[in-house]
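Written below as structure tokens is the structure these notes are about.
The values are calculated or read from the model by the stated rules, or taken from the named source; none is laboratory data. What you are looking at is a predicted structure, and each value in this text was computed from that prediction instead of being measured. Because the Cβ atoms are built from the backbone with ideal geometry, glycine has one as well, and the counts that use them run over all protein chains shown.
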Amino acid sequence: DARVTQTPRHKVTEMGQEVTMRCQPILGHNTVFWYRQTMMQGLELLAYFRNRAPLDDSGMPKDRFSAEMPDATLATLKIQPSEPRDSAVYFCASAANGGYNEQFFGPGTRLTVL
Amino acid sequence: AQSVTQLGSHVSVSEGALVLLRCNYSSSVPPYLFWYVQYPNQGLQLLLKYTSAATLVKGINGFEAEFKKSETSFHLTKPSAHMSDAAEYFCAVSESGGSYIPTFGRGTSLIVHP
């Protein structure tokens, strides 16, 4: 049963600390998305990779957020330094061959920054 | 540019009643359209998608949606609501021939009363 995995599932940290979230896309999927979900803003696209290359990260605060795909089986989203307003659920999703195909979402990482 | 509007942040129905969740989109080219469902503390999962084949699309759990180009709508329906349908529902659009980066609506919370 292929699925997207995300770690950690929950993270509580203090303001100013570095946070790294990891995602393992479904094997064979070449498109990876990072989303942030909050009550106020809903679901926001942060970054989008195809074949490990970043195609769009315009939704991401560049000064503190960074997203990478070191290899085809791992995507990372890093926040440094973290702030209370970063508290949200962060989802990774993968798809085969682009955003017009079904996205498979991971279970999310619930981040709380105190 | 593409956009999605979901009318009604909350929809409340009685068990056994018709479910109608509204979605209107804006797209300059033929769109790909999706409905996703999110159960509490989970990621989104695909209910159904329209990719320019049949205008009436059937999905999982008895849901279906009809693509109406003249109305730029893709409303989601189910003849008879179950308690287990209570969840958040998201409509999304992706433009064919473009970057295929999907745009999600703000979501509609479906509440089912016994």
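Within the stretch A:55-74, the set of residues being touching a residue at least 12 places away in the same chain (Cβ under 8 Å) and touching a Phe, Trp or Tyr at 6+ places or on another chain (Cβ under 7 Å) comprises A:ALA67, A:MET69. The condition of being buried (at least 20 other Cβ atoms within 10 Å of the Cβ) and in a loop (DSSP other than H, G, I, E, B) holds for A:MET60.
Residues that are surrounded by 16 or more Cβ atoms within 10 Å (Cβ to Cβ) and within 10 Å of chain B (Cβ to nearest Cβ) were ranked within the stretch A:1-43; the one that is nearest to B:ASN41 (Cα to Cα) is A:GLN37. Among the residues of the stretch A:80-106, write down those that are touching a residue at least 40 places away in the same chain (Cβ under 8 Å) and among the charged types (D, E, K, R). Within the stretch A:80-106, A:GLU83, A:ASP86 meet the criteria.
Against the numbered list (1) under 18 Å from B:LEU46 (Cβ atoms); (2) touching a helix residue (DSSP H, G or I) at 6+ places or on another chain (Cβ under 6 Å); (3) not basic (Lys, Arg), A:PHE91 comes up short only at (2). Taking the criterion of being modelled with pLDDT under 95, out of contact with any Gly (no Cβ under 7 Å at 6 or more places or on another chain) and β-branched (Val, Ile, Thr), no residue of the stretch B:11-32 qualifies.
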